Structures are given as C-alpha cells and as structure tokens.
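The values are calculated or read from the model by the stated rules, or taken from the named source; none is laboratory data. Predicted model, so just to flag it, every value in this text is computed and none were measured. Please note: Cβ atoms are built from the backbone with ideal geometry, for glycine as well, and neighbour counts cover all protein chains shown. These area figures cover heavy atoms from the full protein model, side chains too; ligands, DNA and RNA do not enter into them. Shrake-Rupley method; radii C 1.70, N 1.55, O 1.52, S 1.80 Å.
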Amino acid sequence: MTGGRRPRRPISAQDRLWLELDEPANPMLITAVLWTASEVDPDRLERVVADRLIGRYPVFTRRPVREGGAWYWEDDLKFSLDRHLTVSELPAPGTREVLQDLVAARRGRLLDPEHPLWTMELFRGYGSGSAVVLCSHHAMADGIRLVQVLFGLFDAVEGDEKPARVGGVGPRVTDFSRAPSRAAAKVVKALNGFGERLEGPIARATLGWPLLGLTTAAGLTGAVAEVMTGALPSGPATVVKWLTAQGFTARNTVDGVLGLLAPATSGALWSGDPGPEKTAAWGDAVPLDLLADVGRATGTSVNDVCVALIMAAFDRYDQESTSGGGKAEMNWLIPVSRSDFDGSLPPELGNDFALVLAGFPLRQRNFRERLDDVHRRVSGIRESLEPILTFGVQWLAGRAPEVISEPLTRFFAAKAVGVLTNVPGPRRPGELAGARVEGVVGWAPCSGKQAVTVCVFSYAGSVRFGFGTDRSLIPDPGLLVAALEDAVTDAAALTNR
C-alpha cells in the first residue's frame, strides 16, 4: 500500500452490475436461513466463521468503493467480526412464524456500504435450537457460490458428502471436445478477457457491442467448422437424427431469443410497484424420494416436479385472490450456474451464472397435465443455447455505462414476475458449530418491479420450498405454502405410494 491508499482490486463487470441495481424497493441481497436441533455455541461459531469464511474469502473483509465510473473492492481497515456476526434471542414464542417475520425484515434491508456487505445473525431460542440468518450482497457472489460457502461452514455428521442435484437448466448441446470447437472456445475466452480489461465508460460502451458480436461469431464459426471437419455422423438414419436434433436446438434457441426481445407483459395479480416491505415463508420438508418417484412414474425429472408444484400453488393463489384473475402464464428468471456446484471455489468468489427466461401456464386441468407441460418447456430450454446468449447480455450490461446498462437490465427484469432458484445441498445432514442443522432455505433478490422470489432447496434427503414476496403485491405467502402442500398430495397420487 502506497500513498495511504487501502489495498483494493477492481470489481468485475458481472459483479458491479448488482451494485448498480441496488435500490430500497428491491435490495440486491441473497438471504439464507438455517435452523438447528440444539443451541449453537456462539464462541464456536465465531471460530468457524473466522477460519472458514474470513480466512478463505477476502471479499468478506472488503467494502465496495467507486471512483468515477470504476468500482473497487477495498480492504475495510476498520473491519470487525463483531459488527457482522451478532448474537441475540429470538422474540417469544420462538416459532417459525416469528422467524419468518424476522427474515422478511432482513430481505428488505439495505446494508451499510461503508463496510463489507454481509451480516450473519445467530438467534437463540428457536424451539429447542437456534436459527442463523445470513445476508450477503449479490455483488460478492452468486447464489450457488454463496450456498457452497454456507455449506463449507458445516461439518459432516456421517460419511462423505456429495450434493443432491435437484435442479439446473444448463444447455446440453454445446460440445467443445474436438479441435475446431476448442479453438473457438479459446477465442471466446480471449475476447472475454479483453473485455474484462476495458476501463472507463466510453471504452466499454464503444467496444462492448463489437466484442459481443465477435464472441458470438467465434462460437458460430467453431460450430460450422466442426460440421465441415466431420462432425456429421455416418449412416443416413443417424445423419437425419443428428440434423433433426440440431434443428430442435436452433428452434428452441430462436424461441428463447424472441421471448427475450418481446415486449414485457404483466398480470393483474402480480404487477405494480414494489414497496420496501417483504415477506418470507416456507413449509414442511417434502421427501426427495417422493419427488423422485413422481418423476420416474411420469417420465419427468425432480426439477420438473418442483416447478409444477410451484405453478400449482400460484394457480390456486390467483384463483382465490379477490383482485381478479391474472394472466394465463407466469414468466420466471431462472439462474443457471456456469460452473459445477461441487467444484473448488475461487478465493475472490464473484458471479458466474446466466439467467434464463422461462414461462409456464397457470391454468391446467390436473397436476399430470401441468407436469407434462413443464417438462416440455424445460426440455426446450435445456436443448438450446439460450443460457449462453443471456450470459452475453449480462456481460454487455456490466460493461456498458449506466445510461445503457440500467435500462437494458430493467427491460429484461420486467419480463418476469420474479426469480425461481433450485439449489442442491448435501444428501446427509451436517453440523454447524456442533449443532445438527435441521433445515435450510434461501432466496435470490428481485430486481426492478419483480414481486416474488421462490427457492427450491434440497438438504439431507428433503426438499423445502420457500416463498419471498413483496408485501404490497403478494401480502400472504402462507397461502402459497398451503397451496403447494395440497399440490404435493396431488403429485403423490401419480405414484404407487
């Protein structure tokens, strides 16, 4: 450090985008809550956090600063763990409803930008155990990485752990295993690296679009070269099948792009200006084996079943609301991680994901019809390049000046009622500072005028569904929880249980 300046590093384009989207109506907070069977020892928790959080990830001791058009992570020379990790008693009677109200208040809170953008609160007296609420700004890391950080604080109770892969909507078709595609991938990586080094709003604005075009062209060139150098399989029947598959990929990708470019639409029930007050609610755990049985019995996936259950809950909420019927379809933004859940995390964390726009109908005659439709739509997303294209849009928005990036981001945010996340966790229970963790839920933030964020969180052989809403637009998420539990009964009827 020279000249009295604190140690700092530039904030990447993907990360600073979330700083610029922060606003009182929708803070860019990723919020997680867990609860334990017995009381967590505060001193032991402090040692765990100091060793596995502060000691491993420098961003937890840095604050964001802005100079001109540039953002930096700067060491907080006044950092104190006591400021970020607090201990208190949960208000009586220490029930789930009390904890939900507390989490709701945290979801609507802006963090102090003079210090690192995170808090961890230990609440004693949640039943016979404790509850821990972790709030982290999206600029620090994406949700998948922050969940990995959270689970890194756990100790395994028994056996080796591997995450339960409940969700994810990544593309299945891109193959960079052969020479032309590998060369194209290197070009794409080089162009992205050059874009990361662009400094100043003028450079980012003038070169952002050409770089995005070059990146896309490089990828397409690699695909064409792969065909020209023998990617087509031998045999007439196999060739027809291969060409048909590529046609479906192209069609699904075009459909996705058209959806992204279409004008934003909203429904009567979910639309409006969000306010500062938020909600948080979750229900009892649903056995993962039950959801897997439904998937096997219907030829669908666990992810499909979870989405169908959520849509069934909103269908009933919409029909029972006094505000009248909403639209026949709900659009969601679904985060897609670009790296493996169980891969090693970079010390600087950061964001490495894309957002996919997915629309699902509200009105269906029965659960089987709903599930089949969800399966068809999710398969279309999987068999497309839409996640790659939306990542390019995020890449561009992060590099453009605010006069461009903010309207661009809000344009895409306005196409969805909110965010739907699907998080895989360990199949076996873990311990936090010696206390067995009974359950976990967590939410991504909403942006713009979005009204709801929903999480599907698997842990220890169970799945929990959490609803976080804007109180002025969807005031009672408990009705959604009850409707989803009824939908689980309908889903179970499709199995031999």
Please go through the stretch 66-83 and pick out each residue that is open to solvent by less than 50 Å² (accessible area, probe 1.4 Å) and under 27 Å from A435 (Cα atoms). S80, L81
By residue number, the members of the stretch 49-67 that are outside any helix (DSSP H, G or I), of a type outside the set (D, E, K, R) and in contact (Cβ under 8 Å) with a residue 24 or more places away in the chain are Y57, P64, V65
Within the stretch 84-147, strands (runs of 3 or more DSSP E) holding 2 or more residues that are open to solvent by less than 20 Å² (accessible area, probe 1.4 Å) and more than 21 Å from N351 (Cβ to Cβ): 118-126, 129-137
So, of the residues in the stretch 355-376 that are surrounded by 18 or more Cβ atoms within 10 Å (Cβ to Cβ) and basic (K, R), which turns out to be nearest to C446 (Cα to Cα)? R370
Please go through the stretch 148-166 and pick out each residue that is open to solvent by less than 20 Å² (accessible area, probe 1.4 Å) and either modelled with pLDDT of 90 or more or on the phi > 0 side of the Ramachandran plot (or both). V149, L150, L153
Out of contact with any Phe, Trp or Tyr (no Cβ under 7 Å at 6 or more places or on another chain), open to solvent by less than 40 Å² (accessible area, probe 1.4 Å), at pLDDT 95 or above and of a type in the set (V, I, T) - does that describe any residue in the stretch 54-65? no
Single unsatisfied condition, T265 versus (1) modelled with pLDDT of 80 or more; (2) of a type in the set (V, I, T); (3) open to solvent by 20 Å² or more (accessible area, probe 1.4 Å): (1)
Looking at the stretch 1-14, is at least one residue modelled with pLDDT of 85 or more, out of contact with any Cys (no Cβ under 7 Å at 6 or more places or on another chain), surrounded by 20 or more Cβ atoms within 10 Å (Cβ to Cβ) and more than 30 Å from A285 (Cβ to Cβ)? yes
Among the residues of the stretch 273-288, are any aliphatic (A, V, I, L, M) and at pLDDT below 85? no
What residue, of G425, G439, is in contact with a Phe, Trp or Tyr (Cβ under 8 Å, 6 or more places away or on another chain) and crowded, with 24+ Cβ neighbours inside 10 Å? G425
Kindly indicate whether any position in the stretch 334-346 is loosely packed, with under 15 Cβ neighbours inside 10 Å, modelled with pLDDT of 85 or more, in a helix (DSSP H, G or I) and more than 16 Å from the chain's Cα centre (by Cα). no
Could you tell me how many of the residues in the stretch 443-464 are assigned to a strand (DSSP E or B) and open to solvent by less than 10 Å² (accessible area, probe 1.4 Å)? 9
So is E46 farther than 17 Å from L134 by Cβ, surrounded by fewer than 21 Cβ atoms within 10 Å (Cβ to Cβ), free of Cβ contacts under 8 Å to residues at least 40 places away in the same chain and charged (D, E, K, R) or not? no
